[in-house]
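*Asks:* Pasting in a structure now, in structure tokens, and then I'll have a few things to ask.
Readers should treat all values here as calculations from the given coordinates under stated rules, not as data from a laboratory. Because the structure is predicted, anything quoted here is derived from the model rather than measured.
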Amino acid sequence: MVDVLPIQRRKLSDSVQDRLLLTIRGGDLAPGDPLPSERELMSSFAVGRPAIREALQNLQRMGLVEIRHGERARVAVPSLDRMVNQMAETMHHLLTHSTASLEQLKEARATFEMEMARIAARRRKSADVKRLRSVVATQASFIHDQPRFLEWDGKFHKEIASISGNPIFGSLSEALFGWLTNFHVHLVRSPGEENLTVSEHKDIIAAIAEGSVEGAARAMNDHLSRANRLYQKANRMRSETAVRKR
């Protein structure tokens, strides 16, 4: 006798979501266009308001719909930054509960940042170098203000990625730095080492300004490797302290 799996009943909101997806993907609505009102959708799909709202909220989480209080939902304008922000909670869960994922993220970030430094050294213009120096000068002014210092640290890395001319790289740089800042801040913050961080940033800029492709990558690798070593040291100290308190 053949085993038969029971047919799962679908939620009404899932069916509404599928219909709305077909409408959006079919090109009937352009980014920024309003969707029909909740009342119109209820009438068209012959379902209640809860199913409509749940479907719209699911589409909002997918980054396909924008919902604002007091207004009709609209087809979202495509945005990589929005997509990255929507991944934040998923990344939080992943990085909090998976050591392997954190190590993989660190490796991916190092590889990415080194390649961004190489591209910047190849494509930099004088205006780009001037902008980088200005960012680091601003960062240095916040040596005694950790939150602002860290904020400008992220801007430095994003500015390097932006020299590529590819906005996706800039968004990825911001996302990688943001995930680590929010969920493993010790990987990007080294209290007491602010002057060294600024010095390392200046070394990276110098290599980029000279057009030294591998020199820029090496300076970036040295910078990130130091941060990783400090993070590992801090982890060991926290573990030893926890053991002594038992």
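*Asks:* Any chance you could tell me what percent of the C-alpha pair distances in the stretch 12-78 go past 18 Å?
*Replies:* Across the stretch 12-78, Cα pairs with separations above 18 Å total 25 percent.
*Asks:* Can you bin every Cα-Cα distance in the stretch 129-175 into 10 Å intervals starting at zero and give me the percent of pairs per bin, rounded to whole numbers?
*Replies:* For the stretch 129-175, the binned pair fractions read 31, 48, 20, 1 percent.
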